[in-house]
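**Q** Below: one structure in structure tokens.
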Amino acid sequence: MIWLVLLLPLLWFAAFRYRRRRMYELASRLPGVGELPLIGSAHKFIGSTEDIMSSLKDVSYAAIEKGGITRVWLGPILYFVSVDPVDLEMVMRTCMEKDDLHRFTRPVIGYGSVFAPVSIWRPRRKILQPAFKPKIVESFVRVFAEQSMKLAHKLGEAGGRKVKLLPYIGAYTLDSSCETTLGVKVNAQDDDMSPFLVEMGRVTRVVAERVFHLWLQPEWLFRCFPLYREQRTGCEVLHGFTDHVIMKKKEELKAQKSKSPKADQTIGLSDYDSMSFLELLIHFSGSEGGYSNEELREEILTLIIASTDSTASAIGYALDLLAKYPHVQDKVHEELDEVFGDSDRLLQKEDLMGLKYLDCVIKETLRLFPPGPFLIRKVEQEVTLPSGHVLPAGSGLIASVWGTQRNPKYWGPDADTFDPDRFLPERAALRHPCAFMAFSIGPRNCIGYQYALMSIKSALSSVLRFHRVRGRVEGGNTPHIRVKIDVMMKAVNGHELTLERRSLRCAPKNL
């Protein structure tokens, strides 16, 4: 009897290996990273979120050294990490199903299209697409201008002493996101304990904990930890607030329609200028016969959380880099002075077009410190890459945005250095178009990239018009910022910097 008990697991293991023999064969053709028997490289991804990010960076650099791709076994789960834009262009266009790790976002945003299965993503993307037309996105400049001026004023109040900028910036991006998506003001910049802001930070932290800690992944086991109760409480706040706004907005639209029955048929592009994304999605999905309240909540919360976190991180990294390189900050100030002079007026749409060097700074920041440094796709069918490598069915592909955007093959031997000039038009044409993928690439790229760039540019222009950012000046051209992976990639110190007023002028308090 004892020998039978011992034999059954061995037979099961042998059958398991046999069924996956093609996977093992193809995986053996590619180099691995620090693998141990049975667990593979899993031991490298333990510790703090800073330790995990450090290991992910190491794997990315290993992929660069090994010709653009390497394998990573996490126990029985096989991933390939790629930093080759030619290979990634093909994968991101053909393997569109998101990895199973994204299931941990489901309690928060449900089937919001960013992480939804392709069957749900495809029809929703068609509805979302017209809501992000350039003319509609440009209509939000006023919101960005007002909220970014408030940010500049709030930072001015803390001027002269070292402060963590990320909480201030996060409040700005939340205020901007909620006003543009829901059409309501949450006033997070006036209340650092805003329930929506606090709970959003809490639930995203829980998601990150589950992704990187195996014992929190099984649902039955996760429910035994305090984090489960934190997530449930946070979701109740986020869902309750969003559901209330959605129901109220639908009632308003229904009342308007009863007064003007033909309203839906007579709406033109100019009418969308004053609409929030919520109103746009209601109209584009078919009004009363369109998205359900739950579907609207999923898409709206996805937009709010994604834009708040990623945009705040990008703004923080840009300010950090400008503090490290004062000569670059001087050029930004010169450009801002040319556009705005001595005025304290609000930013306008036309101003953004004139801030060309600031645009280069933003893109170079996103290249070196992309808020979303890794993208994961399922490989459901065997794929032969342009490089000749073959990915087996049942594996996963990790597109290392971090590694791709620091790959010397496409960015030169100084790929790790901070040089905004590399985004000047004459130099941008020299690299592969997919070597810069801060907003992803392919059909499932970031639909709101123009919206994000506009928010980032508005915030930086408003803050830097009135302030100089100071911090530790970098001795060389390679910037060093300690980072951690927390759904988005964030600075460990929260961008702790000092702001000094540039002149006697300050950002107006009341707009």
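Taken together, the values in this text are just the output of simple stated rules run on the coordinates, not laboratory data. All of these numbers come straight from a predicted model, not from anything done at the bench. With ideal geometry, Cβ positions are generated from the backbone for all residues, glycine too; neighbour counts draw on all protein chains shown.
**Q** How many percent of all Cα-Cα pairs in region 115-213 sit more than 16 Å apart? Walk me through the intermediate numbers first.
**A** On the way: 3277 of 4851 pairs.
Across region 115-213, Cα pairs with separations above 16 Å total 68 percent.
**Q** Can you pick out the pairs among LYS162/LYS457; LYS356/LYS490; LYS133/LYS363; LYS254/LYS457; LYS164/LYS185; LYS135/LYS162 whose Cα atoms lie more than 28 Å from each other?
**A** LYS254/LYS457; LYS135/LYS162
**Q** Now for a different question. Taking 0.36 nm per residue of sequence separation and subtracting the Cα-Cα distance, how much length would be gained by fully extending the chain between PHE13 and ASP344, in nm to one decimal? Mind showing how you got there, number by number?
**A** Details: separation 331, 0.36 × 331 = 119.16 nm, distance 7.02 nm.
Net length gain for the segment: 112.1 nm.
**Q** Another question, if that's okay. Can you grab the distance from the C-alpha centre of region 302-319 to the C-alpha centre of region 325-401, Å, no decimals?
**A** Their Cα centres are 12 Å away from one another.
**Q** Let me ask something else. For helix 118-128, what angle does its Cα long axis make with the longest principal axis of the chain, in degrees from 0 to 90 and rounded to 10?
**A** Relative to the chain, helix 118-128 is tipped by roughly 10 degrees.
**Q** Report, in degrees rounded to the nearest 10, the 0 to 90 angle that the Cα long axis of helix 326-340 makes with the longest principal axis of the chain.
**A** 40
**Q** Please order LYS135, LYS98 by the number of other Cβ within 10 Å, starting at the fewest.
**A** LYS135, LYS98
**Q** Just want to confirm a number: the relative contact order over region 47-501, from Cα pairs under 8 angstrom separated by 6+ residues, in percent.
**A** In percent, rounded to a whole number, it is 29.
**Q** Quick check for me: using +1 on Lys/Arg Cβ and -1 on Asp/Glu Cβ, what's the dipole size of the chain about its Cα centre, in debye to the nearest 20?
**A** Charge dipole, the chain, about its Cα centre: 820 debye, nearest 20.
**Q** Still on this structure: Going by alpha carbons, how many degrees (0 to 90, nearest 10) lie between the helix axis of 226-259 and the longest principal axis of the chain?
**A** Once rounded, the angle reads 50 degrees.
**Q** Using helices alone, I'd like the mean residue ellipticity at 222 nm for the chain: each DSSP H run of four-plus residues gives -39500 (n - 2.57), total over residue count, nearest 500.
**A** -16500 deg cm²/dmol
**Q** A further question on this structure: Can you sort CYS360, CYS178, CYS224 from fewest to most other Cβ atoms within 10 Å of each residue's own Cβ?
**A** With the sparsest Cβ surroundings first, the list reads CYS224, CYS360, CYS178.
**Q** Would you indicate which of (1) 22.9; (2) 32.0; (3) 24.4 is the value of Kirkwood radius over Cα pairs in Å derived from the coordinates of this structure?
**A** Step by step, Kirkwood radius over Cα pairs in Å for this structure corresponds to label (3).
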